[in-house]
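This report concerns only the one structure given below.
The values are calculated or read from the model by the stated rules, or taken from the named source; none is laboratory data. Everything numeric here is computed off the predicted structure, so don't read it as measured data. Don't worry about glycine lacking a Cβ; one is built from the backbone with ideal geometry, like all the others, and counts go over all protein chains shown.
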Amino acid sequence: MDYIYHEEVYKLKERLNEIKEEALEQIQSAVDEKTLQDVRVYFLGKKGQITEVLKGMGKLSKEERPVIGQLANQIRDEISEALETKKTKLEQAALEQQLEEEAVDVTLPGRPVQAGGPHLLRKVIREIEDLFTSMGYSVAEGPEVETDFYNFESLNLPKNHPARDMQDTFFITKELLMRTQTSPVQARTLRKHEGQGPVKIICPGKVYRRDTDDATHSHQFTQIEGLYVDENIRMSDLKGTLNVFAKHMFGEDRAIRLRPSFFPFTEPSVEMDISCKICQGEGCSVCKGSGWIEILGAGMVHPNVLEMAGFDSNQYKGFAFGMGPERIAMLKYGVEDIRHFYTNDIRFLKQFHGV
Ligand code: PHE
């Protein structure tokens, strides 16, 4: 005979099925894990809806209890499973959203990295250094804060000598100054050799003069000095060396000429011009109509300079020259204003990368 269930069984079954429906619906519409957690507590928790149903089992007979018990377990399992599935879905969705938000467009072109390059002045100085070191010169350097002795006196420019006016000087004290030329490095190097030749150096470096800055003047600029002292050095050696230099820097078709000049530390003294590249010697605005452009000062080392440095001027002769790399660079690359070298406008500097 069929077992006749107590009325209460049907009520509880119905309630359990309601719980299932409700729970699955809420799980379905949950948008985050927090809501899922709340659903779990509300339906499956210690004080949750299912527990509530099980409390009502007291009224049931011994045979009826497992029926409700089993159903309750089954529904609990179904809800748990639905919660798990939904949780995984939400996690998956969150991950996908994060991936989408953080997506990198690998097809976007990168930001180009600007490659730096040596300063034009640095390049010209290096080019001159390379040429002279290839001819056996070594590079010597000296201090920018110099003594009156090395900057002037040792170069045959005693105190109160009128030629000091050629170089407006930044004095620091009576005896200390910012060097006005690289020539003191000659004097320093000669002394180190203690009267023993040969001495063959070039000296690049910064120099300072009390000039008002304009397109062709700067209170700080650079010079390169050359000095060759040995037995039997003659003016023709100077001329030949300068000729090689001019052709190397400005082209084989350049001619040079030496004009008499004056420097206290050389005798005789000359200034060297190169033929104007623009007009080939015809005369134009760059060479101011003369066909020639002044490049550097030079001469045979004055015997006083040799003697003061401890060299026997009967045994040793020498030549020296001094030039401004800015001027060389301006002529070679058509730079119109010396201030471009120091203001470091990247647009100016970039033009000379790779030249
Ligand atoms: N020191 C000189 C100047 O600054 C240039 C120079 C150097 C001339 C060496 C002759 C010999 O004007």
Note on region 142-153: residues within 13 Å of the ligand (Cβ to nearest atom) and either among the polar types (S, T, N, Q) or loosely packed, with under 14 Cβ neighbours inside 10 Å (or both) are ASN151
In region 227-244, is there at least one residue being among the acidic types (Asp, Glu) and over 26 Å from PRO184 (Cβ atoms)?
-> no
Of the residues in region 285-317 that are more than 10 Å from the ligand (Cβ to nearest atom) and in a strand (DSSP E or B), the one that is surrounded by the most Cβ atoms within 10 Å (Cβ to Cβ) is ILE295
Those residues of region 45-102 that are in contact (Cβ under 8 Å) with a residue 12 or more places away in the chain, surrounded by 12 or more Cβ atoms within 10 Å (Cβ to Cβ) and of a type outside the set (Ser, Thr, Tyr) come to a total of 23
Could we say that PHE341 is more than 16 Å from the ligand (Cβ to nearest atom) and out of contact with any Ser or Thr (no Cβ under 7 Å at 6 or more places or on another chain) here?
-> yes
When region 1-44 is examined, which residues are found to be among the small types (Gly, Ala, Ser), assigned to a helix (DSSP H, G or I) and touching a residue at least 12 places away in the same chain (Cβ under 8 Å)?
-> ALA23
Selected residue [surrounded by 14 or more Cβ atoms within 10 Å (Cβ to Cβ), β-branched (Val, Ile, Thr) and away from the ligand (no atom under 16 Å from the Cβ)] from ILE274, ILE328 = ILE274
Residue ID - surrounded by the most Cβ atoms within 10 Å (Cβ to Cβ), chosen from residues in region 189-220 that are within 14 Å of the ligand (Cβ to nearest atom) and part of a helix (DSSP H, G or I) = LEU190
Find all pairs meeting these conditions: Cβ atoms under 7 angstrom apart; at least six residues apart or on different chains; first residue within region 209-225 and farther than 23 Å from SER138 by Cβ; second residue among the hydroxyl-bearing types (Ser, Thr, Tyr) and at pLDDT 90 or above.
-> ARG209/THR180; ARG210/THR169; ASP211/SER218; SER218/TYR342; HIS219/TYR208; GLN220/TYR208
Scanning region 4-28 for residues that are exposed (fewer than 10 other Cβ atoms within 10 Å of the Cβ) and of a type outside the set (D, E, K, R), the one nearest to the chain's Cα centre (by Cα) turns out to be GLN28
Give the residues of region 176-188 that are of a type outside the set (A, V, I, L, M, F, W, C), touching a strand residue (DSSP E or B) at 6+ places or on another chain (Cβ under 7 Å) and either more than 13 Å from the ligand (Cβ to nearest atom) or assigned to a loop (DSSP other than H, G, I, E, B) (or both), sorted by residue number.
-> ARG179, THR180, GLN181, THR182
Residue list for region 158-178, restricted to those being β-branched (Val, Ile, Thr) and touching a residue at least 12 places away in the same chain (Cβ under 8 Å) | THR169, ILE172
